[in-house]
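The values are calculated or read from the model by the stated rules, or taken from the named source; none is laboratory data. Quantities reported herein were computed from a predicted structural model and do not represent experimental measurements. Ligands, DNA and RNA are excluded from the accessible area calculation, which covers all protein heavy atoms including side chains. Shrake-Rupley method; radii C 1.70, N 1.55, O 1.52, S 1.80 Å.
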Amino acid sequence: MPLTACPTPEAAPPPAPDRQAPRPAPYAAGFTRGRPAAPPTHPSRLRRLAVPAGILAAVAGAFAYVGAVDPNEPGHYPVCPLLRLTGILCPGCGGLRSAHAFVTGDLGAAFSANAVATVGYFLFAALWALWLVRAWRGRPPRIGLAPAHWWALGAVLAVFTVVRNLPFGSALAP
């Protein structure tokens, strides 16, 4: 049997010159990579405030629930797994009792249940207010922390955890 060449498919004819779209000059004014640039959009003030308002609604709902259902009564909330397994208080232990006392207006009890959480409530309120003002003015919420700040926060939480588990730091235990 003789060897024969495989038939080649016929090449498609090139498009007609009148059907080709005109190409914009590269990097011409008003064009970005060959496409017209979209005009800048500025979301409405109501749209900019939607996310901060939603976050506030979620946090307020959580605080309202903790204010209505007392964590000092057993059976309403799960026990901290670290406390149950090891007997060590984590940095969040007492946070629900602190939130309940905060909602009911007893700042002393809130601070004694979990001092870091109580400070965190005020810090959240300040950062949320800053976010709301920036959204109102149409600016992005730029609250950037350097790595050193995150390390400092971690160190504060670690020291708080160690001190509240030592005998002389029993005032920080819930």
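Before moving on, here are some points about what is shown:
- Over the stretch 69-174, equivalent-ellipsoid semi-axes from the Cα gyration tensor in Å: 29, 19, 12
- Solvent-accessible surface of the stretch 38-165, averaged per residue with a 1.4 angstrom probe and all protein chains in place: 67 square angstrom.
- Within the accessible area of the stretch 43-174 (1.4 Å probe), percent carbon and sulfur: 72 percent
- Segment Ala126-Leu107, length gained on full extension (0.36 nm per residue, minus Cα span): 5.1 nm
- Unit Cα scatterers, Debye sum, the stretch 96-148: log10 I(q)/I(0) for q = 0.17, 0.24, 0.31 Å⁻¹: -0.64, -0.82, -1.07
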